[in-house]
Amino acid sequence: MWSDSEERRGVPPDGQFLKDSPIKALPPEKLGLNQGGYGGEGVNPGPFLDNLSRWAARHAWEEKQLALDAGSEASLAAFTKRRTHAKASVFLSAGIHGDEPASTLALIALMEEGGLREDFNYTIFPCLNPRGMLKRRRETPEGKDLNRDYLHRSTLEVQRQLEAIDSWHPFDMALFLHEDWEAHGFYLYELMDASSTPVLGRSILQAIRGHVPVESASWIDGRTACDGLIAAPFGETQRKDWPEAFFFRHRGTPHCLTLEAPSDFPLKDRVHWLKLATRAALASLVDPAIGS
Ligand SMILES: [Zn+2]
């Protein structure tokens, strides 16, 4: 899974980003902090989001603060960038689970560091569960798992998000950044109809292999996995607890990918891996053979 020969594979022809990433001879060791749940450091997303607001204003991104509750200051931050002649329109979100702070930090870093390719339009929610992240817990303070609420939409977070983007569907791609406290390596879900086969997920994993430790388990979270890829069936009538990806697929987004970094590693590594995978995913939209 992590050999010299593999480390030299998978550099996309159009991308410098993987060439520049440090290549390690061995994968980092797990920290051993995740015992029955995420045990790593927590992150207060507030200062990072405040900084992102200032950055967005300087770089002509549009920002919306969506109030979650009239009686509190809690809000959801949404950022958009529209360009004439954009090749594609992409939705990205992170921090839907408050115990997955690297997802939010990675997405913010990609924006501020110019890591998002400039020929796409973007709609970005860098922290969908800011109140949960403040408490380092997966759910909202009310105990709701937002990523199970996209059919019934009982939470203000999901309601505000979907109201804000209602007129912008469909996107060409939707990427959902997550972390998994139990995982040993990076993996992703590619959502698909029963009759289709994975289109981009395998290319993305191939591109990052050697730069990111990829999960080798053949069974992840109750699903069959192959070299870090879970081909997740989209059965909208079979599930009542729709995750975010189901909603976007339901609204016509053809490529819905959930990126999962293993969270029992140093935060800076997890952020780095999510950044690489996100960039590879964006590149795959214009070059589906990125990893070959
Ligand atoms: Zn998650």
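Observations
This table checks each residue for (1) assigned to a strand (DSSP E or B); (2) at pLDDT 95 or above.
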site	(1), (2)
P28	no, no
E41	no, no
D50	no, yes
W55	no, yes
K64	yes, yes
D69	no, no
T80	yes, yes
D99	no, yes
M111	no, yes
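- Some residue of segment 109-125 being within 15 Å of the ligand (Cβ to nearest atom), crowded, with 16+ Cβ neighbours inside 10 Å and among the β-branched types (V, I, T): no
- Top-ranked residue of segment 155-203 - restricted to ones that are of a type in the set (V, I, T) and touching a Ser or Thr at 6+ places or on another chain (Cβ under 8 Å), ranked as surrounded by the fewest Cβ atoms within 10 Å (Cβ to Cβ): I165
- Near pairs, Cβ below 6 angstrom, 6+ apart or cross-chain, from segment 44-55 (under 14 Å from F125 (Cα atoms)) to any residue that is in a helix (DSSP H, G or I): P45/T104; P45/P130; P45/M133; F48/I108; L52/I108
- Single residue of segment 126-140 satisfying the filter (within 14 Å of the ligand (Cβ to nearest atom) and buried (at least 19 other Cβ atoms within 10 Å of the Cβ)) that is nearest to A280 (Cα to Cα): C127
- Filter pass, T123 being within 15 Å of the chain's Cα centre (by Cα) and part of a helix (DSSP H, G or I): no
- Whichever residue in segment 188-217 is of a type in the set (D, E, K, R) and over 17 Å from the mean Cα position of the chain (by Cα) and, among such residues, is nearest to P262 (Cα to Cα): R209
- Boolean, L188 is touching a Leu at 6+ places or on another chain (Cβ under 7 Å) and outside any loop (DSSP other than H, G, I, E, B): yes
- Condition check for L76: within 16 Å of the ligand (Cβ to nearest atom), of a type in the set (A, V, I, L, M) and touching a strand residue (DSSP E or B) at 6+ places or on another chain (Cβ under 6 Å): no
The values are calculated or read from the model by the stated rules, or taken from the named source; none is laboratory data. Note that the structure is a prediction, hence the values are computed from the model and not measured. Ideal geometry is used to build each Cβ from the backbone, glycine not excepted, and the neighbour counts take in all protein chains shown.
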